[in-house]
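This report refers to the structure that appears directly beneath it.
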There are 2 protein chains.
Amino acid sequence: MSKKIVIIGAVAAGPKAASRLKRLRPDWEVTMVDRDSLISYGGCGIPYYVSGDVSDESELRATSFHVIRDADFFAHSKGVRVLTRTQAVAIDREKKQVLVRNLDSNAEERLAYDYLMLATGAGPIELPIPGMRLDGVFTIADLHKAIEIKTRIAQGKVSRAVVIGGGAIGIEMAEALTDLWGIETTLLELAPQLLPKLVDRHFAAMLAKHLADKGVAVFTRESATELLDDGQGRVCGVKTTRRALEADLVIVAAGVRPRSELAKAAGLAVAPWGGIRVNQRLQTTDPDIYAAGDCIAVTNLITGRESYAPLGSLANREGRVAADNMAGIPSLFSGVCGSFIMKAFERCIAATGLTWEAALAEGFAADYALTSPSDRAHFFPDQAVVILQLVFDRRSRRVLGLQAFGMMNDSISARVDTAAALIAKGGTIEDFSLVEMAYAPPFSSAIDSLNAAAHVAENMCDHRLRRVDLDRFLAWMEDMSLEPAWAVLDLRHPQESAAYVEKYGEDRWVALEYGQVRRRHHELSPNTTYIILCNAGTRSYEVQVFLDHLGAIDSLVLCGGLNAVSRLGVGWLLK
Amino acid sequence: MSKKIVIIGAVAAGPKAASRLKRLRPDWEVTMVDRDSLISYGGCGIPYYVSGDVSDESELRATSFHVIRDADFFAHSKGVRVLTRTQAVAIDREKKQVLVRNLDSNAEERLAYDYLMLATGAGPIELPIPGMRLDGVFTIADLHKAIEIKTRIAQGKVSRAVVIGGGAIGIEMAEALTDLWGIETTLLELAPQLLPKLVDRHFAAMLAKHLADKGVAVFTRESATELLDDGQGRVCGVKTTRRALEADLVIVAAGVRPRSELAKAAGLAVAPWGGIRVNQRLQTTDPDIYAAGDCIAVTNLITGRESYAPLGSLANREGRVAADNMAGIPSLFSGVCGSFIMKAFERCIAATGLTWEAALAEGFAADYALTSPSDRAHFFPDQAVVILQLVFDRRSRRVLGLQAFGMMNDSISARVDTAAALIAKGGTIEDFSLVEMAYAPPFSSAIDSLNAAAHVAENMCDHRLRRVDLDRFLAWMEDMSLEPAWAVLDLRHPQESAAYVEKYGEDRWVALEYGQVRRRHHELSPNTTYIILCNAGTRSYEVQVFLDHLGAIDSLVLCGGLNAVSRLGVGWLLK
């Protein structure tokens, strides 16, 4: 028997569900409504459209076979009716009807449904500061805004920009403006670090250093307090908690929040922060009403808690699961690891699962293994160092998360995606230690970086490897009086260590090459705690084990070694 | 209490186990013996050394911090004694001693052990044909051979080469010779396809086409019958079952077999094909004797059967597991998926798990989903088509394997490694359908290629998608009388389909653009079986579902579409 399906929202989860439904149930009537005239676009591609990597906005709305996904396309190719410029005003759950209003004609209509799906997405968080309505101030709310931003840039109207918000979209926009258009760009982030909650602070620091190297002025712990008017209603600057910045373009990328007013008004359960609550079959508290995409609350697979993961990729997965269930095919969406990846100029940064700080806050016995191996065989020409951090629980040995920072290529995808697959299955350190990574020198190492990170974690859990806290070490480097008993034991080649010995003095920076330790360990002092370091940390661990065996020498390992420290942009290191 | 460990073989598993053991048990005496003077090298890097990508052989024997791993290195840095140029002659299991002989002095010595580890590796299979001892004929048995090959090439002594064996090493060597040295190279493979057993034949065909495009002459179903003598003991050509080839260099890469004579002579269990049998703790049938690396039989995690997986990456994993167990840390090596990846000029080919043919032979209800999506967002500038094939069991819906062919970058690693992690855990199509792939347009699609392949598999299992057999379709393209009732239904843009319609005639090649099907389906004939095709196969599936719903039209989908077919090098397609 044919059923009537109404889907509110036609960007990602909506179109996916509509198309899938028509394939599963060709005789059902599927109607999609959206406030916008432009639908079914790749919102995550907006920064690449603004940068010029994607030359025309229509490419973001086109299929892989270059047909624009508009209402006609859905009607003729998918058999789905789409009402654009149409606002869903209210849901009558008793009568199973949605009241919709055309935004041009104001005509209202009641759409009957057997199943309703909410794919209302998310809206940008607007800042409660003066000037948000000035000309030249944009949120990345939809494709129209993106088109307007790019038009202004292309017309040469923008020479200085301020991006407010150091999340993924803010950073991608900052790159787009700086890299391809040469716009003098400042990035402001209220939190003490970029990508707050997505990565731990030392990963954010590596990213911030690279952005700065590429010409973006990055200010963290700094928020905009006012957007300044040039007297003619156009923005001319940004006042922050610390300074005044000139700007002819301001992009507010301060995060998004679920659009759930309609759900709430209909009496459906909504989390306090706005996410529509759904079960694993993506039904709301009304079983005939489904929800998917950026408007819902999802379960974090590691914490088991309600969380928010607004991503086009998840919206598509959820849309498909919702369609399956409406069509009578039992299908579960159990939750997310929270995988994230981004390009930042010539680097890639990515994460999945929990950060160390988040894991501690959740009550895990959390620790992390920080490593800095090669991203492929170390003898292969275009190999490069990648910084990987495995977050784990010392008690259960469960892996809780992975973070990575390296060159802009797909090698980090391989490690993060594999990690997410294992984490979702409750993978332990031992699973990571043995997971089979396809090996040939152009792609990986005989001991893959992901396996190696697990080895470090295992050695930490088994009390063979004791690491120094990175922050404490960095603080000591600035003020050695903080830890009077510490000295560095530098295992690198004398050519590498010489400058450091000269700067810090041979009492506090002891150079003893790795291959000499077994012959010259008696030169070390039993009254000193040696911070053992090398480039990657592997030699350091080996020496710690050896010194422990001797018994008299106390030591801590600098995990990740100078490879990691140098990427933090620690300017004082050899200043 | 200190124990004595003897390890036979010092290339991959041996050094890994020795080093790990000294870290776990610094007071134990670890001795490694090897017949060779060169030890602990990255054998998988040999093709890149020959090509010149790696400039000096010593780089293959160096640590990431540029120290050569020789006997001195192991003595001073690891505390491991290494006897090079030393052959293990016999094992006395009663007395727990190994008799070793120095190959230079012929001096013999008995090494006592508490635990013995066999890491004797694999040896190249030599062909039973005349001429194998001629000057200029090489197997890739060790680094010495590689050095000699490269020396000859660098001296300009090689202008024509024949590589016998179309496995990974043979192909990598053929690339090395052709690409960087411009040597006229022929690749011979006895089997009907390259990479036999590693990939299904249409993947091998795509690879063969690319090799041919790059100038390698590829002959399959063809074996060498004689290596020809120039009269002075130097090779001057190769006689095959079909032709005679001139050659001043012949590389025999006909596979490897485990070196297990020593184990066999000691009465340890060895598989008929030569693999030393071990349990999951990597103990041989003598619990005090461990074995790891290319000399052992491993369990295939999908079939549960004994199999052979000689790979440096697995050797390292196994070496670590063996060391753990010797040291008293329980550690299991449960088996392998058999992941494999390689660079071939500008392409990457990879696989994990079972091929379709292998899965059928194993008795699975095996089928495959062949897809040809973009390797990242289709609107992102450097996106390219990747061919992915998911092999699955229709009954259990378990995923059995994945194969991929695409551009030379790391994107295939991401999919194959994620697949291997899931397959090892018994992952089903549904697991693959929802596995979380980190998404941003430079790295992936909103619906990742791996998820999309699972969607196709799901639609096949659920009888929504009926595919045409690729071979049958290709045969029909050559001779349409084979299937009198077939016609193509080409959904592509008229500009794409026009040439095909002209060539094959509008009765057998019906052009009906995707967006027109719902309006013009009545033009289709109920007496025809339509082979629906497009570029990737996704539109074709959608149209099949629609036609099935109408009820009167029979159809089959060309999975992977013309993207896949064109990569097969089907020259007749539009000739």
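The values are calculated or read from the model by the stated rules, or taken from the named source; none is laboratory data. Note that this is a predicted model, so its numbers are computed, not measured. In this analysis, Cβ positions are derived from the backbone assuming ideal geometry, glycine residues included, and neighbour counts consider all displayed protein chains. With ligands, DNA and RNA removed, areas are computed over all heavy atoms of the protein, side chains included. Shrake-Rupley method; radii C 1.70, N 1.55, O 1.52, S 1.80 Å.
Worth pointing out:
- Amide H within-cut-off set for residue A:532, under 5 Å, with H built and near neighbours excluded: A:489, A:556, A:557, A:558
- Distance from the C-alpha centroid of segment B:459-485 to that of segment B:148-226: 32 Å, rounded to the whole angstrom.
- For segment A:280-347, the spherically averaged projection of the C-alpha convex hull amounts to 5.4 nm².
- Axis angle, to the nearest 10 degrees, between helix B:449-461 and the longest C-alpha principal axis of chain B: 60 degrees.
- Ligands, DNA and RNA left out, the 1.4 Å accessible surface of segment B:335-451 is 53% carbon and sulfur atoms.
- In terms of Cα atoms, the Rg and Dmax of segment A:401-485 work out to 16.4, 48 Å.
- In the complete set of protein chains, residue-level accessible area for residue B:219 is approximately 50 Å², probe 1.4 angstrom.
- An ellipsoid equivalent to segment B:107-161, defined through the eigenvalues of its Cα gyration tensor, has semi-axes of 34, 15, 11 Å when rounded to whole angstrom and sorted largest first.
- Along principal axes, Cα extents of segment A:233-336, largest first, whole Å: 57, 31, 23
- Estimated vicinal HN-Hα couplings, Hz - segment B:99-108 in sequence order (Karplus 6.51, -1.76, 1.60; Gly, Pro = x): 8, 10, 10, 6, 6, 8, 9, 6, 5, 10
- Normalised per residue, the accessible area of chain B is 36 Å², obtained with a 1.4 Å probe and no contribution from ligands, DNA or RNA.
- For residue B:232, label point 7 Å along C-beta direction: distances to other copies, nm: 8.7
- Pairwise centroid distance, computed over Cα atoms, of segment B:415-450 with segment A:87-132, Å: 34
- Long-range amide H partners of residue A:117 with built H, under 5 Å: A:6, A:7, A:8, A:290
- Computed over segment B:1-151, the P(r) curve from all C-alpha pair distances, binned at 5 Å from the origin, holds 2, 9, 17, 19, 19, 15, 10, 6, 3, 1, 0, 0 percent per bin.
- Extreme residue, positive dipole direction of segment B:514-573, given options B:559, B:521, B:535 (C-beta unit charges): B:535
- Across segment A:335-352, coupling constants 3J(HN,Hα) worked out from phi with the 6.51/-1.76/1.60 Karplus curve, θ = phi - 60°, read x, 10, 7, x, 5, 8, 8, 8, 8, 9, 6, 9, 10, 10, 10, 8, 7, 9 Hz, and Gly and Pro carry x.
- Rg in Å to one decimal, and Dmax rounded to a whole Å, for the protein assembly as shown via C-alpha atoms: 31.5, 101
- Kirkwood estimate for segment A:338-422, i.e. one over the average of 1/r between Cα atoms, Å: 13.2
- Taking θ as phi - 60° and the Karplus parameters 6.51, -1.76 and 1.60, the scalar couplings of segment A:54-62 work out to 9, 6, 10, 4, 4, 5, 6, 10, 9 Hz in sequence order, x denoting glycine and proline.
- Local net charge near residue A:298, Cβ-Cβ under 12 Å (Lys/Arg +1, Asp/Glu -1): -1
- Under 30 Å of direct C-alpha separation, and excluding same-chain neighbours fewer than eight residues apart, residue A:16 reaches these lysines: A:3, A:4, A:78, A:95, A:96, A:145, A:150, A:197, A:264, A:343, A:425, B:425.
- With Cα atoms, 0 to 90° folded angle of helix B:411-424 axis to chain B main axis: 80
- Chain pair A, B: total accessible area buried, heavy atoms, 1.4 Å probe, Å²: 7900
- What you get for segment A:413-491, charging only the Cβ of Lys and Arg (+1) and of Asp and Glu (-1), is a dipole of about 160 debye around the Cα centre.
- Reciprocal of mean inverse Cα separation for segment A:310-366 (Kirkwood radius, Å): 14.0
- Using the alpha carbons alone, the radius of gyration of segment A:476-551 stands to its Kirkwood radius in an Rg to Rh ratio of 0.94.
- Here the Debye sum runs over all C-alpha atoms of segment A:464-506 as equal scatterers in vacuum, and log10 of I(q)/I(0) at q = 0.13, 0.15, 0.23, 0.29 Å⁻¹ comes out as -0.33, -0.44, -0.93, -1.13.
- Rg to Rh quotient for chain B, alpha carbon positions, Kirkwood Rh: 1.03
- Solvent-accessible area of residue A:439, all protein chains in place: 20 Å² (probe radius 1.4 Å, heavy atoms, ligands and nucleic acids excluded).
- Of every Cα-Cα pair in segment A:83-216, the percent that sits beyond 20 Å: 61
- For residue B:334, the label point sits 7 Å beyond Cα toward Cβ; its separations from the matching points on the remaining copies run 1.5 nm, from shortest to longest.
- Each DSSP beta bridge with both residues in chain A is either parallel or antiparallel, and the antiparallel ones are about 55%.
- Cβ-vector label at 7 Å, residue A:505, separations to other copies in nm: 9.5
- Using Cβ point charges alone (K and R +1, D and E -1), the dipole size of segment A:463-543 about the Cα centre works out to roughly 460 debye.
- Nearest-ten-degree value, helix A:201-213 long axis tilted from longest Cα axis of chain A: 80
- Each of A:168, A:293, A:67 was placed along the dipole of the protein assembly as shown (beta-carbon charges, centred on the mean Cα), and the one lying farthest toward the positive end is A:293.
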